[in-house]
Amino acid sequence: MKIPFVDLKAQYRAIQTEIDAALRDILENTAFIEGPRLEAFEKDFAAFCRAPHCAGVGSGTDALYLALKALGVGPGDEVITVSHTYIATAEAISFAGATPVFVDIEPDTMLMDARLLDAAMTPRTKALLPVHLYGQLADMDAVLAVAQKHGLHVLEDCAQAHAAELGGRRSPIARVAAFSFYPGKNLGAYGDAGGVVTHDPAIHKDITEVRNHGRERHAKYEHARLGFGFRMDTLQAAILRAKLPHLEAWTEKRRAHARHYTERLKGVLETPVERPGRRHVYHVYPARTERPAALRTHLEAAGISTNCHYPIPVHLQPAYAALGLKRGALPVTEACVARLLSLPMYPDLTADQVDFVCDTILAFFGRKG
Ligand SMILES: *Cc1c(COP(=O)(O)O)cnc(C)c1O
C-alpha cells in the first residue's frame, strides 16, 4: 500500500467544485490584489480564531516578521524563542534586526519550557516567541506570566496550530499570533500565504499599511510611511475562504488518526504527549524511537513515506554559526531531534492506511498487532 506523507490531491478532489467556483469568481472579476474578497477571508479567519482582526500577508514568515516589527522589535533587541522549530521563526527575528535567544523545550511536549525563560532574560530582552509546534499550544499561561512580570511582548508562532486550543481558548491568547497557510499546513493555500491575527487594532492597522507599501488602506497613491510588498494574493484568499468551513472536520479527522496511532503504537514508539485541557491539532504526528533511521528505511520499503521535524535544530544550523552556540547548548532539544520520526498525517488518511502503518511498525519491532 502506497502512503504518502501528505496527500493534497485527495483534499482537492473532495472539495473541487467549491475551489473551482472560488477561483473562477476571482478570474472573472480580475481582482487579484486586495479588495473585498481578501477582506472576506480576513473577517472569516479572525472569527474562526475568535479575535477581531486578521491581516492576510504573503507567507507565515512575513506574518512573523511584520508582527515583530509592529511590536517595535528591532536592532539591539533580543527575542526569546525555541531552537526546536522551523528556521523561519528565528529568521523573522534576525530580519527584524534583533537577535534570537533560544531556550530548551519540555522533554514530553517538545514545546518551549517556560521555566527556563527567567534565566534567559537580559536587559535587552524585548519579546517572547513561543512556537505551537506540531499543533499543540505551548504553556501560554506560564509564558504570559513571565511576560507580564518583565514587561515583554508575546508573539505566538501558530504556523502549525490552526484551531488548537488551551482551556477552550484559541490563539491569539497573547496580543498577536502569526499563521502560515503554506500548502501542507492544516489550512493550506495553493501557494504561499500567511496571516497576522490580533486583538490590537493598532497592530492590525500597522500591518495592513506595511504590507502594502505604507499605504493607508483606501488611499491609492499616497504613502504616509515606508512599507514593502508583503500582500496575500486574492486568489489564495479565495481558496482559503473556500477551505475554511471544512477546517473543523479536517481537524477532528487528524485527531482521530492520532488517537488511532497512539492506541496501537504506545509502548512500541514514544507517542506524542497531549496535555490535559489542550486541543492538539496534529499538524504533525511526531513519534520518537531509538532507531528512527532504520525504521524509516523499513517503512519506505513498504511504500510508507515518513519525515523528521526537524533534524537539525536552529542553533546548530550553519546559517546561525555566528551565534557561537555549540552542540550541548540545548541538551533536551538535541536529544529529542535525534529520535524523531513523523508518521503520515492528513485528514484524508483512511483507518486502513493508519492500520497498515501501525502493522508495518509493529512488524519492525517484532510485535504482533
Ligand atoms: C511553516 C512554518 C513557518 C513559515 O511559514 P511559511 O508560510 O512557510 O513562511 C514558520 N514557523 C513554523 C513553525 C512553521 O511550521
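The values are calculated or read from the model by the stated rules, or taken from the named source; none is laboratory data. In this text the structure is predicted, and so the values were computed from the model without any measurement. Positions of Cβ are generated from backbone atoms using ideal geometry, with glycine treated the same way; all protein chains shown enter the neighbour counts. The area values use the complete protein model at the heavy-atom level, side chains included, leaving out ligands, DNA and RNA. Shrake-Rupley method; radii C 1.70, N 1.55, O 1.52, S 1.80 Å.
Observations, loosely collected:
- Tally, over the range 189-234, of residues that are within 16 Å of the ligand (Cβ to nearest atom) and either of a type in the set (Lys, Arg) or under 30 Å from Glu18 (Cβ atoms) (or both): 16
- Taking the listed residues Cys336, Cys358, the one that is within 18 Å of His84 (Cβ to Cβ) and open to solvent by less than 70 Å² (accessible area, probe 1.4 Å) is Cys336, with no other qualifying.
- Residues located in the range 39-65, provided they are within 16 Å of the ligand (Cβ to nearest atom), of a type in the set (A, V, I, L, M) and either over 16 Å from the mean Cα position of the chain (by Cα) or at pLDDT below 95 (or both): Ala55
- Within the range 159-172, being touching a helix residue (DSSP H, G or I) at 6+ places or on another chain (Cβ under 7 Å) and in a loop (DSSP other than H, G, I, E, B) holds for Ala159, Gln160, Ala161, His162, Ala163, Ala164.
- The set of residues from the range 204-225 being out of contact with any Lys or Arg (no Cβ under 7 Å at 6 or more places or on another chain), more than 15 Å from Lys69 (Cα to Cα) and not in a loop (DSSP other than H, G, I, E, B) comprises just one member, Arg215.
- Residues satisfying the criterion are present in the range 66-80 (criterion: within 16 Å of the ligand (Cβ to nearest atom), touching a Leu at 6+ places or on another chain (Cβ under 6 Å) and over 17 Å from Ser180 (Cβ atoms)).
- Only one of the listed residues (Pro172, Pro123) is at pLDDT 95 or above and over 14 Å from the mean Cα position of the chain (by Cα). That residue is Pro123.
- Number of residues in the range 145-179 that are touching a Cys at 6+ places or on another chain (Cβ under 8 Å) and either free of Cβ contacts under 8 Å to residues at least 40 places away in the same chain or hydroxyl-bearing (Ser, Thr, Tyr) (or both): the value is 1.
- The residue list Ala142, Ala159 contains one member that is within 12 Å of the ligand (Cβ to nearest atom), open to solvent by 10 Å² or more (accessible area, probe 1.4 Å) and not assigned by TED's automatic domain parsing to the domain that holds Glu252, which is Ala159.
- Per-region count, the range 11-38, residues open to solvent by less than 30 Å² (accessible area, probe 1.4 Å) and either at pLDDT 95 or above or within 12 Å of Leu240 (Cα to Cα) (or both): 6
- Taken over the range 222-238, the residue count meeting the criterion of being free of Cβ contacts under 8 Å to residues at least 24 places away in the same chain, touching a His at 6+ places or on another chain (Cβ under 8 Å) and among the small types (Gly, Ala, Ser) is 1.
- Residue in the range 115-127 that is in contact (Cβ under 8 Å) with a residue 40 or more places away in the chain and within 14 Å of the ligand (Cβ to nearest atom) present: no
- Answer from Arg264, Arg254, Arg259, Arg296 - the residue that is within 16 Å of the ligand (Cβ to nearest atom), in a helix (DSSP H, G or I) and of a type outside the set (A, V, I, L, M, F, W, C): Arg254
- Taking the range 173-203 as the range and being part of a helix (DSSP H, G or I) and either open to solvent by 30 Å² or more (accessible area, probe 1.4 Å) or closer than 17 Å to Leu240 by Cβ (or both) as the test, the residues that pass are Pro201, Ala202.
- Condition check for Arg37: part of a helix (DSSP H, G or I), among the basic types (Lys, Arg), more than 17 Å from Thr198 (Cβ to Cβ) and in contact with a helix residue (DSSP H, G or I) (Cβ under 6 Å, 6 or more places away or on another chain): yes
- Residue in the range 321-339 that is of a type in the set (D, E, K, R), farther than 25 Å from Pro183 by Cα and not in a loop (DSSP other than H, G, I, E, B) present: yes
- Index of the failed condition, Ile93 passing every other in (1) away from the ligand (no atom under 16 Å from the Cβ); (2) free of Cβ contacts under 8 Å to residues at least 40 places away in the same chain: (1)
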